[in-house]
Structures are given as structure tokens and as C-alpha cells.
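As C-alpha cells, the structure follows; a few thoughts come after it.
Please treat every number below as a calculation from the coordinates, not as lab data. Since this is a predicted model, take the numbers as computed values, not measurements. Cβ coordinates were reconstructed from backbone atoms using ideal geometry, including for glycine residues, and neighbour counts include every protein chain displayed.
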Amino acid sequence: MSQEPNTPSSGDNRRSFLKKTAIATAVVAANPFKTPVYGQNKAPSTGRVIGANDRINVANIGVGGQGFNAHVRQMKEHAGANNIAQVAVCDVSKYRQDAAKEYILKDNANAKVETYGDYRKLLERKDIDAIVCATVDHWHTRVSVDAMNAGKHVYVEKPMTRYLHEAFQIHDAAKQTGKILQVGSQGCSDMKWHKAAEWIKAGKIGPIVMSQGSYMRNSPYGEWNYTIQPWATPDDLDWKTWINGVKKSTSFNPDHYFRWRKYYPYCSGLLGDLFPHKLHPYMLATGNPEFPVRVAAVGSKKFQTDLKKEGRPKEKETKYVRDVEEVIQLIAEFPSGYVMHITSSTVNEQGTQEMIRGHHATLTMAGNKVDLKPERPFADEIDPETSEGFAGENVPSHHKNWFAAIRGTEKANAGIDLAVRVQTVISLAEMSDRLGMMCYFDEKTRKVSDGMGREIKPLDYESEAKMISRA
């Protein structure tokens, strides 16, 4: 029996069905949460193919803090230039839903925006092409995987996720669905790092030896002690949903809701908030990001800035002391022999010089240029060089790159291949600091071990609950 051109055979249909079913099953099996996976009885949706001139419909999931300021606000300001429309917002807080909707509709009479308390209902909409996930960290994996499974492209705030096993759930879902995932580390869209990668791949500095960078702050009354707003009540926000997935849950707590970056059940503190701003660009700049071979980190929280009372503004008052560190240093080794050192602090703001050291020459980031300085033994062979100046990093440029990647005209600057390697460094660093050991990683098996080769179970929601109980 003859077939029409481009019509798959029954064998092709069967193979396609089995492949899609296997993907759906794998996603469901990998999901450790009580909340059902979106469309768990369905094969992943392919979503709409978006052309270079097509408008992209975007939904925002998590619209408080950066979710509003960096994404709702700035996407609206650049909607025309990016040819996008913000069509839906989702949050556990009704107040935040309404505030985001009101802002998008302001001076935009033709816009139509729907609000949701359950992101899964939002994902059912066929007209939504892409979502921004700016939720608390322990929701990143569920939202991102479910969104890609529903045929949506994803921009997920940094860190990509909370724990190591989740990083590979997101990675595998991105590979299986083919959706574009961008992590919100906007430094990756600062072109100086791409210039550094260009020079490194061209062999201008020889083999990479070391790099150093820092992200430093000094917060006298404790970093992340944001103002607790009066609208945040059990009547306004769905606390049960917000805390879902955390095994050692607590009753409604506005301090945890607004200041969640201070507490391990929801995040990894500096390692999750500030380190990605350095890890992504430095690993991108190598020109060939690698998984780490081993990672060590040491931190401290002896300064107890949360308890400082003299001169404390009333809106900063808190009786809760953080779980996470106030200063931490990370060292990672990669298969090529390259060693990376990153430092971060919330109690001193003096940073280190941004630098990538090669065997033949060294790169420094002078202002927003890249300087190449030959090492003395190679000064006769290599000329000093300074790049052109680049615009500094900003979120709108990172958004623009994501939309271009969705349209197929650019590559995502903080895409899944880079992001999963960065998250591996972050997760191993947290394990090293909290468990007091050097953590080794096997890229092929995705297993973690100690210096004696003994396998270590990575931190996860279950072990977190046990650590809290023992504290």
C-alpha cells in the first residue's frame, strides 16, 4: 500500500509513540514531589514552532521581588522591541497576582492578562509559548520540567534549582523536549565573557591554569532581611502550596516567606544567590565548560548580623537568625586541570580582581574590557591586547537573547549545557561546606564520592529535613 509523501509509516508512528511515552514516564518517575506532574498521563507537548517574526506569548510564574522588578516590569518595557506579549501571571499570593496584572495592563488597553494561583492551570493554555519561573528555589524544578513537558520554553531564575538530582531532571527534560531553557544569570549576556572565550579558544593565553572572582556585599543588618509586608496573611497567600516539597515544613511564617534566602530548606544562601553571577560567566569564558572533578567550600556565619540591634531600621527588624553562611569561599577543579576560586560575602564588600590565568598569558576584566597580558616567559611571543568596550550586564539583554534563542536566531547564553555544570559546582560546594568534606564528581555516573572513593548521597529534601531535626 502506497503512502502519501511525508506521512510516517505505522512503524514510525509506533516508535514515535514509544519514545514519547518513555519520556513522559521518565519525567514522572523522576519527580519526587507530592504535586502531580503536569499532564502525567500524556506524552510531552511539542508546543508551537516560532518563526523569526512571530510574537511570543509569555507567562510569569512567581511575580514577587525579582519576579516583578526584573521580569514583569522589564519585559513590559521592552515588549515592543522583543515582539512579545505578557498574557498570564501566577503566584501563591493574590495580592502579587493583582499587582502584576495591573502593571502589565497599565497604559496598554489592548492587553489581556489572566491570573492564576496554580501554575498547572496556566500550563494548560495552548497559546502560551514561554514561561518565566521566578519562584522560591525549591519550586524551580517542578515548574521548569512541567513547563517544558507542556511545550513551553523556560527562563528560570538562578540558581537553576535547589539540589543536584533536580539539576539533572531539568537537564534531561530540556534534552528530551528540545525546549530552550535560559538561567537568569545575566552576566552571560555581557559580551566581555564571550570575548574572553573567543581569545581562550584561539589559544591566546595557552592552557587555562586558574581563575578568580568574587561577589561581595556588606549588609550591617543582615542580607535578605526584606521588609515584611502587611498584606502577607494566610488569607492572601497559599502557604501550603508555597512550602510544598519541603519535608520539614513549618506553619505560616512571613519571615520565611519574604526572607527565604536565609534558610536552607528553600535555598543555599550565597551559593545559590550570588555565586551563579560569577560561576556562569567564568565557566562560559573557558570556551568549553566542564563538569567539576572535585569541589571544596568553607564558610562562616559567626558575625550574626541578624541580631544587630543598634541603629537597625524598624522595617529590618527580625528575631530569626539565618541558617546560611555570611562568607564562603569555593575552589573547584576541572578535568582539564583548570582550578577556579570564587569568594562571596555579606559582611565585607571588597572584591578580588577578576582574572583568568593561562600558562602563556593572563586575562583581566578592566572596567568592561578584557585585557590580555603576556606572562614574562612568553613576552617575546605574545603581544599585549585590550578588547573594545562592551555594554555592562543587564537583564533586558539576557531576556532578548532568550527570545532570539526561542526564534532560532541565537544560542541561549546561559543554556542548559552550561547551567547543569554550574549547578553541579553549586550543589557540591554546599555539600562540602555543610558536610565538611571534599566532594568528587563522576560525570558519567552522576555520582558523588569522598577522597577515599566512597559514594556520598547528595543532599536532598529528605536529608535536609533530617539535618534540621538534628540541629
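With both partners inside the chain, how many of the DSSP beta bridges are antiparallel, as a percent to the nearest 5?
Looking only at bridges with both residues in the chain, the antiparallel portion is about 60 percent.
Taking the Cα centre as origin and putting +1 on Lys and Arg beta-carbons and -1 on Asp and Glu beta-carbons, what dipole magnitude results for the chain, to the nearest 20 debye?
1060 debye
Rank these for me by crowding, Met438, Met191, going from fewest to most other beta carbons within 10 Å.
The most exposed by this proxy come first: Met438, Met191.
I'd like the trypsin sites (Lys or Arg not before Pro) in the stretch 298-347 restricted to DSSP loop residues with at most 15 other Cβ atoms within 10 Å, sorted by number.
Counting only loop positions with at most 15 other Cβ atoms within 10 Å, the trypsin sites (Lys or Arg not before Pro) in the stretch 298-347 are Lys302, Lys308, Lys309, Lys319.
Using Cα pairs under 8 angstrom and six or more residues apart, how large is the relative contact order of the chain, in percent?
18 percent
In straight Cα distance, which aspartates and glutamates are under 15 Å from Lys447, not counting same-chain residues fewer than 8 positions off?
The qualifying aspartates and glutamates are Glu166, Glu455, Asp460.
Within the chain, which whole H helices from DSSP have a Cα span along their axis of at least 24 Å and a mean Kyte-Doolittle hydropathy of 0.5 or more, if any?
Flagged H segments are 416-435.
In what sequence, highest mean first, do 331-337, 251-257 appear when ranked by Cβ atoms within 10 angstrom?
Those peptides, ordered most packed to least, come out 331-337, 251-257.
How do Lys466, Lys179 rank when sorted from fewest to most other Cβ atoms within 10 Å of their own Cβ?
Lys466, Lys179
So how do 424-433, 456-465 stack up, highest first, on mean other-Cβ count within 10 Å?
Output ranking for 424-433, 456-465: 424-433, 456-465.
Compute the normalised compactness of the stretch 124-210: alpha-carbon radius of gyration over 2.2 N^0.38 Å, N being the residue count.
Cα Rg divided by the expected 2.2 N^0.38 Å: 1.34.
Taking the Cβ of each residue in Thr177, Thr364, Thr445, Thr305 as the centre, tally the other Cβ atoms inside 10 Å and list the residues starting with the fewest.
Ranked by crowding around the Cβ, least crowded first: Thr445, Thr364, Thr305, Thr177.
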